[in-house]
Structure formats: C-alpha cells, structure tokens
Amino acid sequence: MKKIIQLLFLLLTFHSCQYFEKEVPNEKELLEQELKKINWDEVDEFPSVLQCDTIKDAEVKKQCFFDYLAQTIQQRIGIDTLRIEYPEIDTINVKITVNPDSSLEFETLYPNDSTALVDKTKIDSILTSRLSDFPKVEPAIKRGVKVKTQFVLPVIIKMEK
C-alpha cells in the first residue's frame with residue numbers, strides 16, 4: 001500500500017509540474033503592444049520656461065509657455081526692424097522646434113500668396129539674429145524622456161491702435 005501511495009504521489013508530482021510552466025510572452029509582441037498604446041501625437045509634459053515652472057495645472061502651464069514665447073519673440077523682432085521695413089506684415093508664423101538638449105530652432109513660415117513683395121531671406125536673417133540668445137526652454141517629456149517638439153506660433157508684429 002505504501003508503494004502505491006508513493007507511486008501515486010510520484011505521478012501527481014510529475015503531472016503537476018506542467019502547472020508551473022508558464023508561457024513566456026514573445027518580446028517583439030510585447031513591444032508592439034506597448035508601442036500601439038503610446039499616443040505619439042501628445043507629450044506628457046509640454047516644454048516650459050522658468051517663469052511657468054511653478055504652475056501646477058497642465059493647460060495653464062502650456063498657455064503660459066506659449067504666451068511667454070509670443071511676447072518674447074514680439075519684443076525681440078517687432079520693435080525696430082520688421083515694423084519699419086515691412087509695414088504690410090502684421091503677423092508672421094514662426095515654426096519653433098525645441099530639441100531634447102534644450103536648443104531652439106526658429107523658422108519663418110510664409111503663406112504662398114501673400115509674400116511676393118517680401119524679402120524672405122532678410123526676414124529670416126532678422127529672425128535668426130534677434131532670437132540667437134533666446135532664454136532657456138526645458139524640452140517636452142514623453143514617458144520620462146526628453147523629446148523633440150515642434151509647433152507653429154503666430155507672432156503679431158503690428159498692433160491695431
């Protein structure tokens with residue numbers, strides 16, 4: 001009887017080992033599933049400047065950042081250069097790129113129809129020279145990693161009085 005119990009116990013032991021074996025998921029499939037979950041069009045935290053860092057609400061902080069950029073660009077390029085040389089221009093669209101290393105790139109975007117009389121290279125050189133020492137901007141964060149972001153910011157040159 002003792003041998004039968006031992007044999008039965010031994011059979012159960014070997015049979016129950018299969019319950020401990022778990023299917024290991026495929027690494028590539030897991031990666032693909034995670035990549036599908038990520039929304040690549042949005043960041044977890046928008047870029048920020050020192051003046052907006054104390055704000056906790058994400059939307060208010062984002063608006064503070066865009067307001068700060070617009071005001072700073074307006075102050076630097078609008079006062080004495082573009083208003084005088086190009087009075088027909090009231091707003092320019094500036095494509096701003098914030099790189100992960102906190103460096104900034106500025107590019108003027110021109111509508112196809114309205115800038116026939118404007119010297120694009122001169123406006124670009126004014127933009128480059130006036131914005132070369134722009135204050136530090138902290139890059140956007142996506143899943144704990146600093147990422148590159150781009151956006152277009154309309155900058156008002158001429159204010160209606």
- If we keep just the residues of segment 89-111 that are of a type in the set (Val, Ile, Thr), in a strand (DSSP E or B) and touching a residue at least 40 places away in the same chain (Cβ under 8 Å), which is surrounded by the fewest Cβ atoms within 10 Å (Cβ to Cβ)? THR91
- Would you be able to tell me the number of residues in segment 142-161 that are more than 23 Å from ILE77 (Cα to Cα), assigned to a strand (DSSP E or B) and either open to solvent by less than 30 Å² (accessible area, probe 1.4 Å) or at pLDDT below 90 (or both)? 2
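The values are calculated or read from the model by the stated rules, or taken from the named source; none is laboratory data. The model shown is predicted, which means the values in this text are computed figures rather than measured ones. Ideal geometry is used to build each Cβ from the backbone, glycine not excepted, and the neighbour counts take in all protein chains shown. The accessibility values were calculated without ligands, DNA or RNA, using every heavy atom of the protein model including side chains. Shrake-Rupley method; radii C 1.70, N 1.55, O 1.52, S 1.80 Å.
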